[in-house]
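Below is one structure, written out as structure tokens; comments come after it.
The values are calculated or read from the model by the stated rules, or taken from the named source; none is laboratory data. None of the values given here were measured: they were computed from a predicted structure. Counting neighbours? That spans all protein chains shown, and the Cβs are built from the backbone with ideal geometry, glycine included.
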């Protein structure tokens, strides 16, 4: 058997000496491997430090570029969502170049063409593995670029209604009117119809009112119109429409339509004020708002009997 002392340049320590002779070569080989790795790491330390310095410089350049871009965008009339999108593109571009340069410093043999080629192969594998994430990413870009709602708008999509708090690249945060925060994937908003409730400053509200068949419909319409005209939450520059619409089961149905501010709390406030005012006005005018009546008709007259005496 070969003597490990003569074949290895490194002196075996007491631990190696204590091992059986058939394991001493294996132990020395393992120690040599660790020493070689450590020596390579120490030799590569300047490159690691250089790559770290490039990343720090990238962070500083990103901060300065974003600050200058924000200052320039304040002077424009661009939508806030487009401003946010441009800021994210600036940050993404600077960090992409920073990572590329740091990789070239860390691995001296790496060139931009080789890095882009490797990135293309990696992007295909990552794209297949994280399809939903990339789908939400591109949907978020399209939402910020072209969709008509901004942070602060109230929207409704597939039963989710609330105020848009923040549109991120992958998801949108919606605060429901009941207080809960809903985090919605951007692809969900992109693929489904979205009602932008505050796209305009006003929304139209319709409330049905019923009056008894024995009442004067024309008089009732005039009373309701006066009641709506006295409500502060009604936008009086917009048309108020009051139309008899149908013969109901126990009443003449009248639709009362007006415009109010578009936020949900304003809609509820205006609806409550108008309903209260219309009810009070009809009561004061002596016009009956009926509840459902039911008339029972029997084929033959019912036989009546006197109540039994106790």
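In segment 180-193, which residues are crowded, with 17+ Cβ neighbours inside 10 Å and in contact with a strand residue (DSSP E or B) (Cβ under 9 Å, 6 or more places away or on another chain)? Hits for segment 180-193 are 184, 185, 186, 189. Checking 178, 172 one by one, the residue that is in contact with a helix residue (DSSP H, G or I) (Cβ under 7 Å, 6 or more places away or on another chain) and either without any contact (Cβ under 8 Å) to a residue 12 or more places away in the chain or outside the structural domain of residue 88 (by TED's automatic domain parsing) (or both) is 172 and no other. Of all residues in segment 153-179, those satisfying the criterion of being surrounded by fewer than 18 Cβ atoms within 10 Å (Cβ to Cβ) and in a strand (DSSP E or B) are 156, 160, 161, 165, 166, 173, 175, 176.
Restrict the check to segment 265-283 and report whether at least one residue is assigned to a loop (DSSP other than H, G, I, E, B) and farther than 16 Å from residue 231 by Cα. No, there is no match, as no residue in segment 265-283 is assigned to a loop (DSSP other than H, G, I, E, B) and farther than 16 Å from residue 231 by Cα. Return the residue satisfying two criteria in turn: it lies in segment 60-84 and is in a helix (DSSP H, G or I), modelled with pLDDT under 80 and out of contact with any strand residue (DSSP E or B) (no Cβ under 9 Å at 6 or more places or on another chain), and of such residues it is farthest from residue 168 (Cα to Cα). Looking at residues that are in a helix (DSSP H, G or I), modelled with pLDDT under 80 and out of contact with any strand residue (DSSP E or B) (no Cβ under 9 Å at 6 or more places or on another chain), I get 73.
Just to be sure before I move on: is residue 19 under 20 Å from residue 94 (Cβ atoms), surrounded by 10 or more Cβ atoms within 10 Å (Cβ to Cβ) and either in contact with a strand residue (DSSP E or B) (Cβ under 9 Å, 6 or more places away or on another chain) or modelled with pLDDT under 75 (or both) in the structure I sent? Judged against the criteria, residue 19 is not a match.
Residue 274 meets the conditions (1) out of contact with any strand residue (DSSP E or B) (no Cβ under 7 Å at 6 or more places or on another chain); (2) under 26 Å from residue 178 (Cβ atoms) in every case but one. The failed one is (1).
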